[in-house]
Amino acid sequence: MILEGFYKVSNTSVAGDAAVTTLRVNKDHEIYKGHFPGRPVTPGVVLMQLFKEEAERIFDKNLQLVRADNVKFTAVFDPTQDDELILDSQLTETGEFIKLKGLAKNKSGIVLKINSLYKTI
């Protein structure tokens, strides 16, 4: 896990190619000291990394991002307002590749939409 201490997995459920993971985000993590003091905003690249780490946990493989398409940040994720983040994913494994179509959301709605492709390393 690259984001050491950033979050804890509360729950993961997998049914077929669908996965839902609930995370508790650490509002006191070092990332928020610079992004931004007094108004924590989770960087977009960190939200994208969460999906990669979710796929790595589910498939028990190390992955490398090959491509990210249709990445849309639709809201700010501020862990001081709501520290729960839900990753809702459709995951398909084909050979050495894993395709992911995901939504990151909290109680306020969707934070991120992403389609990505990872390669097993």
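Say we look at the range 11-23 and pick out the residues that are without any contact (Cβ under 8 Å) to a residue 40 or more places away in the chain and either open to solvent by 80 Å² or more (accessible area, probe 1.4 Å) or of a type in the set (A, V, I, L, M, F, W, C) (or both); which of these is farthest from residue 90 (Cα to Cα)?
At the first step, the residues of the range 11-23 found to be without any contact (Cβ under 8 Å) to a residue 40 or more places away in the chain are 11, 13, 15-16.
Add one more test, that the residue is either open to solvent by 80 Å² or more (accessible area, probe 1.4 Å) or of a type in the set (A, V, I, L, M, F, W, C) (or both), and what stays is 11, 15.
Details: 11: 16, 15: 10 Å.
Per the stated criteria, the residue is 11.
Consider only pairs whose beta carbons are under 9 Å apart and that are at least six residues apart or on different chains; among these, list those whose first residue lies in the range 89-100 and is in contact (Cβ under 8 Å) with a residue 60 or more places away in the chain and whose second residue is among the basic types (Lys, Arg).
89/101; 90/99; 90/101; 91/99; 91/101; 92/99; 92/101
Which one of these is farther than 18 Å from residue 8 by Cα and touching a strand residue (DSSP E or B) at 6+ places or on another chain (Cβ under 8 Å): 23, 65? It would help to see each step written out before you state the result.
Details: 23 fails: farther than 18 Å from residue 8 by Cα.
Result: 65 is the single residue among 23, 65 that is farther than 18 Å from residue 8 by Cα and touching a strand residue (DSSP E or B) at 6+ places or on another chain (Cβ under 8 Å).
What number goes with the only condition from (1) touching a residue at least 24 places away in the same chain (Cβ under 8 Å); (2) more than 14 Å from residue 114 (Cβ to Cβ); (3) open to solvent by 80 Å² or more (accessible area, probe 1.4 Å) that residue 8 does not pass?
(1)
Tell me yes or no: at least one residue of the range 5-26 is assigned to a helix (DSSP H, G or I) and more than 25 Å from residue 66 (Cα to Cα).
Of the residues in the range 5-26, the ones assigned to a helix (DSSP H, G or I) are none.
Checked the range 5-26: no residue is assigned to a helix (DSSP H, G or I) and more than 25 Å from residue 66 (Cα to Cα).
Of the residues in the range 43-52, how many are more than 11 Å from residue 118 (Cα to Cα) and touching a residue at least 40 places away in the same chain (Cβ under 8 Å)? Step through it out loud before you land on a result.
Applying the first criterion (more than 11 Å from residue 118 (Cα to Cα)) to the range 43-52 yields 43-50.
Still in the list and also touching a residue at least 40 places away in the same chain (Cβ under 8 Å): 44, 46-50.
Residues meeting the conditions: 6.
Could you tell me whether any residue of the range 38-53 is more than 18 Å from residue 78 (Cβ to Cβ) and among the basic types (Lys, Arg)?
The answer is yes, given that some residue of the range 38-53 is more than 18 Å from residue 78 (Cβ to Cβ) and among the basic types (Lys, Arg).
If the Cβ limit is 8 Å and pairs must be 6+ apart or interchain, which residue in the range 69-84 that is more than 15 Å from residue 7 (Cβ to Cβ) pairs with which residue that is open to solvent by 70 Å² or more (accessible area, probe 1.4 Å)?
Filtered contacts from the range 69-84: 70/113; 71/113; 72/113; 74/113; 75/108; 81/108.
Go through 101, 61, 72, 113 for me and flag whichever is at pLDDT 95 or above, open to solvent by 60 Å² or more (accessible area, probe 1.4 Å) and part of a loop (DSSP other than H, G, I, E, B).
Criteria check complete, one pass: 61.
State all residues of the range 27-51 that are assigned to a helix (DSSP H, G or I), in contact with a Ser or Thr (Cβ under 9 Å, 6 or more places away or on another chain) and open to solvent by 30 Å² or more (accessible area, probe 1.4 Å); if no residue qualifies, say none.
The first filter runs over the range 27-51 and keeps only residues assigned to a helix (DSSP H, G or I), leaving 31-34, 44-51.
Applying the additional criterion that residues be in contact with a Ser or Thr (Cβ under 9 Å, 6 or more places away or on another chain) yields 31-32, 48, 50-51.
Of everything in the range 27-51, those that are assigned to a helix (DSSP H, G or I), in contact with a Ser or Thr (Cβ under 9 Å, 6 or more places away or on another chain) and open to solvent by 30 Å² or more (accessible area, probe 1.4 Å) turn out to be 31, 48.
Which one is most open to solvent (accessible area, probe 1.4 Å), of the residues in the range 78-98 that are farther than 30 Å from residue 28 by Cα and part of a loop (DSSP other than H, G, I, E, B)?
Here the answer is 96.
The values are calculated or read from the model by the stated rules, or taken from the named source; none is laboratory data. Note that the structure is a prediction, hence the values are computed from the model and not measured. Quick reminder, even Gly has a Cβ in these numbers, built from the backbone with ideal geometry, and neighbours come from all protein chains shown. These accessible areas exclude ligands, DNA and RNA; they are computed on the full protein's heavy atoms, side chains included. Shrake-Rupley method; radii C 1.70, N 1.55, O 1.52, S 1.80 Å.
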